[in-house]
Every structure is written in structure tokens, then in C-alpha cells.
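See structure below.
Bear in mind that the values in this text are calculations on the coordinates, not laboratory data. Predicted, not measured: the structure shown is a model, and the values here were computed from it. Because the Cβ atoms are built from the backbone with ideal geometry, glycine has one as well, and the counts that use them run over all protein chains shown.
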Amino acid sequence: MLRGHFLLTSGRHSDRYIEKFRLLEQPRALDDTARAMIGKAAGKQVDVVLGAATGGILLAGAVSRQLGRRTMFTERIAGQMALRRGFQLQPGEKVLIVEDIVSTGGSISELVDIVHHARAEVALAVCLVDRSATGLDLGVPTAALLRLPIESWLPADCPLCATGEPITERGRTGKASS
Ligand SMILES: [Zn+2]
């Protein structure tokens, strides 16, 4: 959990940012996370584990390895979320969607659409951290390992902007997730 003045991909500003890759880069922590996600899906049939690039690749891989099920991930090309690389869902397959940090549920909604478009079913959509203000409502079963609503503002309403604090530089792409 970082503190500063962050520009989120939504365009909103926040004073806190979760750098998920500090968790995902640790194999034991990643495996523990995967185990907890599988626990949320206890009693449900799962044929395929689906994540979204980039963090979702690591999560889906860790979960599928423990479950012994296929794993696949979506990629966003020109703004459009899609299954590539020959990944195919079969009609009727039960899909466990895994996501890392969720703020509005927009990305999970796109994954749900991809599953339904293939006439497969969402067994559960589970995320690492649910940052949404009111909780996720996606029309499919959902779960979160951690519920942690984080306040964010439109730039015009941002109290940090009001004090003249510059946006925190974050290296790499400079892009904050969600
Ligand atoms: Zn700001």
C-alpha cells in the first residue's frame, strides 16, 4: 500500500495505491493467495480458470496449478478485451474468474461477457481486493479476499491537487491500476 498522489487509469486521483506486484512477485504469497481464492470457490465445479493480463496471468496460473484445471487469460487490444493465442472456452464449461484489484468491476464485467459469449458459465468471479465503494454487483457470484474501498476523486475535486502536490511518479509505465 503506497501513499502519495496517484493518477488511476480511471482518470481519478487517489492518495493511496496498492502495488499488487509486490505480492504477486512472491511465490509463497502468490500460492497462499491462490489457495484463499480456491477456498472461496469451495463446492463449485471449475473447469477453467480465467484471468486478465497482466496481473491476472499470474493469479490464474497459480490458481489453476493448484486446481489442476486449464488456465487462460484475456488481453486488451485496442481497448477491446479478448481471448487470443487460441484460448477457447467450450459451451457449458464452468469458469472461475480471478482478478487482482477491482475498483469498478468494469474489467470483470468484460470477462463475464466473454464467458457468456462462449456459452460457458461463471462459477465465481473472485478478486484479491475489492476497492469499489458499494461492493460488486455483476449478476454472477462474486467474492473478494479483501474489501478495502479507497477514496478517489475527480481531478477537479481532488484535495491533493488543491494543495498543489504533484502527481507521484511511479516509474515503469507510471500507470496505476484500476
Ligand atoms: Zn489530484
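Worth a mention:
- Selection from the stretch 1-25 of residues that are within 15 Å of the chain's Cα centre (by Cα) and not in a helix (DSSP H, G or I): LEU8, THR9, SER10, TYR17, ILE18, GLU19, LYS20
- Look at the stretch 13-28: where a residue is within 16 Å of the ligand (Cβ to nearest atom) and a partner is assigned to a helix (DSSP H, G or I), sitting 6+ places away or on another chain with Cβ atoms under 7 Å, you get HIS13/PRO155; HIS13/LEU160; HIS13/CYS161; ASP15/LEU160.
- Options GLU75, GLU99; residue that is buried (at least 22 other Cβ atoms within 10 Å of the Cβ) and closer than 25 Å to ARG170 by Cα: GLU99
- Residue count for the stretch 89-108 satisfying the condition of being in contact with a strand residue (DSSP E or B) (Cβ under 9 Å, 6 or more places away or on another chain) and among the hydroxyl-bearing types (Ser, Thr, Tyr): 2.
Residue-by-condition table, conditions (1) of a type in the set (Gly, Ala, Ser); (2) in contact with a Phe, Trp or Tyr (Cβ under 6 Å, 6 or more places away or on another chain):
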| residue | (1), (2) |
| --- | --- |
| GLY4 | yes, no |
| HIS13 | no, yes |
| ILE38 | no, no |
| GLY55 | yes, no |
| LEU67 | no, no |
| THR71 | no, no |
| GLY86 | yes, no |
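- Restricted to the stretch 26-106, the set of strands (runs of 3 or more DSSP E) holding at least 2 residues that are touching a Pro at 6+ places or on another chain (Cβ under 9 Å) is empty.
- Single match in ALA133, ALA120, ALA162 (criterion: more than 18 Å from the chain's Cα centre (by Cα), among the small types (Gly, Ala, Ser) and surrounded by fewer than 20 Cβ atoms within 10 Å (Cβ to Cβ)): ALA162
- Residue count for the stretch 113-145, restricted to those that are in a strand (DSSP E or B) and of a type in the set (Asp, Glu): 2
- Taking every residue in the stretch 155-169 that is near the ligand (Cβ under 9 Å from one of its atoms) and pairing it with any residue that is among the small types (Gly, Ala, Ser) and part of a loop (DSSP other than H, G, I, E, B), at least 6 positions away or on another chain, the pairs with Cβ-Cβ distances below 8 Å are PRO155/GLY11.
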